[in-house]
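Values in this text are rule-based calculations from the coordinates and carry no lab data. Keep in mind the model is a prediction, meaning the values are calculated, not measured. So basically every Cβ, Gly included, is an ideal-geometry build from the backbone, and we count neighbours across all protein chains shown.
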Amino acid sequence: MSQEISVRGHRKERVGEVVSNKMEKTIVVRVERRFRHPKFKKVVTSFNKLYAHDETKLAQLGDLVRIQETRPLSKLKSWRLVEILNPDGSAKV
């Protein structure tokens, strides 16, 4: 796995929750982003839904997953599943 990452170079990674796995080899991941509002200085939480490729169809609804940016695979899908995480942040075997 580490050889594959070194060959691919630096790519963006996000951690989020699977909100849909009804498509064939595609999951929808909800990624949370927290930032301070520039004018009002309040901490704001925003969410993005990212479509990710799940070749083995292992991710289930509600799983915490790590996804990585990749070349565009379809109109909406430009992320791929790297690993499924346990609630404590470690990878599932």
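Couple of notes before you dig in:
- Chymotrypsin sites (Phe, Trp or Tyr not before Pro) restricted to the range 7-47 and DSSP loop, no more than 15 other C-beta within 10 Å: 40
- Candidate values [x] 2, 13, 20, 26, 25, 12, 3, 0; [y] 3, 13, 22, 22, 18, 11, 6, 4, 1, 0; [z] 3, 14, 27, 27, 19, 8, 3, 0, label of the one derived for P(r) over Cα pairs in 5 Å bins from 0, in percent: [y]
- Distance between the C-alpha centres of the range 14-33 and the range 38-79: 6 Å, rounded to the whole angstrom.
- Distant-in-sequence amide contacts of residue 78, defined by a placed amide H-H separation under 5 Å and a gap of 5 or more residues or a different chain, comprise 51, 73.
- Rounded to whole Hz, the Karplus (6.51, -1.76, 1.60) HN-Hα couplings of the range 62-68, x for glycine and proline: x, 5, 8, 10, 10, 10, 10
- Taking a straight Cα-Cα cut-off under 18 Å and skipping sequence neighbours fewer than 8 places away in the same chain, the lysines within cross-link reach of residue 25 are 49, 57, 75, 77.
- Packing here is the average count of other Cβ atoms within 10 Å per residue, and on that basis the peptides 20-28, 71-79, highest first, run 20-28, 71-79.
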